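S.K.: Take a look at the following structure, please.
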Amino acid sequence: MRRVMLLGMFVLSIVAVGSAEEQIPKEIVQYYDDWNFVNYFSDRTEREILAVCENWEMVPELMKNARVQAVYLAMGRVEASTRTADSRTKTSKTPEDRPIISSAELMVPLGAVITSDGLSVEVGITPVIAEQQYNFIHNSERMKDPVDEYKKKVLNSHPERKSVRREIHRWTLAQGTWKKQEAPAATPAPSR
């Protein structure tokens, strides 16, 4: 009954017309913002090191700066928002079991559909451009607010880029918190 009530409240809060961000709960939009930030603002080696650190104090001193701390916090939020079918994923430190470590892709929510068990979000997948990522990471120490610069330069600078593929991500509402299911359903991007 509570689940139906919460889902009903969500139905009332969804906006029928507008951008994907207006149609999708803010917690889910935050997940994709965090995912993109982590994948653009750090490299795989950094993510592998951060993944084994149970708290910020365990991060090697040479890595500690504002950018790495923001990546560490965003990684934690992404993993906390993911429901896994296999409990080993949360405890495993191998990149194969933790997509946030090994990914080099940006995910843009394109739309959402309410389902019987939650929400299905269509996501456009675009590879990270390695040269831009490197330059951004390298110059981040000189930026006044790296997170704001990232949003301005990366998220808003490529509206014309097309997704190379699309995925359907399943989200469920559990005890008032949206959780992304682990395995997405991949679909090819439409030809334009």
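S.K.: Name the residues whose placed amide hydrogens come within less than 5 Å of the amide hydrogen of Leu106, ignoring near sequence neighbours (fewer than 5 apart) on the same chain.
M.R.: For Leu106, whose amide H was placed from the backbone, the distant partners under 5 Å are Thr126, Val128.
S.K.: Using amide H atoms built in the peptide plane, which far-off residues or other-chain residues are under 5 Å from Trp178 H to H?
M.R.: It is none; the list stays empty.
S.K.: Run the numbers for Asp43 and Lys26: contour at 0.36 nm per residue of separation, minus the present Cα-Cα distance, in nm.
M.R.: Difference between extended and current length: 3.5 nm.
S.K.: Taking H as built 1.01 Å from N, whose amide H comes closer than 5 Å to the amide H of Gly111, not counting residues under 5 places away?
M.R.: Counting only residues 5 or more places away or on other chains, the set is Glu122.
S.K.: Which of the GluC sites (Glu not before Pro) across segment 30-82 are loop residues per DSSP, with 10 or fewer other Cβ within 10 Å?
M.R.: When the GluC sites (Glu not before Pro) of segment 30-82 are filtered for loop state and at most 10 Cβ neighbours within 10 Å, Glu54 remain.
S.K.: Which whole-Hz ³J(HN,Hα) couplings does segment 31-43 yield from phi under the Karplus relation 6.51 cos²θ - 1.76 cosθ + 1.60, θ = phi - 60°, glycine and proline marked x?
M.R.: 4, 5, 4, 5, 4, 5, 4, 4, 6, 9, 9, 8, 9
Each value in this text was obtained by applying a stated rule to the coordinates, not by laboratory testing. Given the structure is predicted, the values throughout are model-derived calculations rather than measurements. So basically every Cβ, Gly included, is an ideal-geometry build from the backbone, and we count neighbours across all protein chains shown.
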